[in-house]
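Only one structure is covered here, and it is reproduced in the block below.
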Amino acid sequence: MSNLNEVVNLFERKLNILLENYNFLKEENEVLYNKIADLEHQIAKEKQVNEDIENKYQTLKIAKTIEGSKENSRNTKLKINALIREIDTCIAQLSE
């Protein structure tokens, strides 16, 4: 009978250790999921900032090209023609 009690006690101890490990891992998993969510949110914000900066850069680049100089007159004309084609495409799409 003593042997059976020892087996049961050993089983209970191992089960308690297993439950403690499970609870610890469950909490750690939750913390890690929260950290992942925070990092994904931060990445999304950084991507938005990057896109805004890229758009401002492109706008500035176009403005500088349109401003023009003798060196860039060919580039200026090409940019203006490209903008006109884009506008024509937009008008055609709106007309449909």
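Please treat every number below as a calculation from the coordinates, not as lab data. Just so you know, these numbers come straight off a predicted model, no measurement behind them. Cβ: placed from backbone, ideal geometry, glycine included. Neighbour counts: every protein chain shown.
Put a dot 7 Å past each Cα toward the Cβ at Arg13 and Glu86; how far apart are the dots in nm?
7.4
Wrap a convex hull around the Cα atoms of the stretch 2-95, take a quarter of its surface area, and give that in square nanometres.
12.6
Helix 2-67 against the longest principal axis of the chain: what's the angle in degrees, Cα atoms only, rounded to the nearest 10?
Once rounded, one gets 10 degrees.
Given points 7 Å out from each Cα along the Cα-Cβ axis, report the Ile53 to Asn5 separation in nanometres with one decimal.
In this crude spin-label approximation the distance works out to 7.2 nm.
Determine the dipole magnitude for the chain: charges of +1 sit on the beta-carbon of Lys and Arg, -1 on that of Asp and Glu, nothing else is charged, the reference point is the Cα centre, and the result goes in debye to the nearest 20. Before the final figure, lay out the partial values.
Working: 14 positive and 17 negative charges, 167 e Å.
Result for the chain is approximately 800 debye, rounded to the nearest 20.
If we count every other residue with Cβ under 12 angstrom of Leu39's Cβ, Lys/Arg +1 and Asp/Glu -1, where does the sum land?
-1
In a Gaussian network model over the chain where Cα atoms closer than 10 Å are linked, find which of Glu40, Glu27, Glu12 has the largest mean-square fluctuation.
Looking only at Glu40, Glu27, Glu12, the largest GNM fluctuation is found for Glu12.
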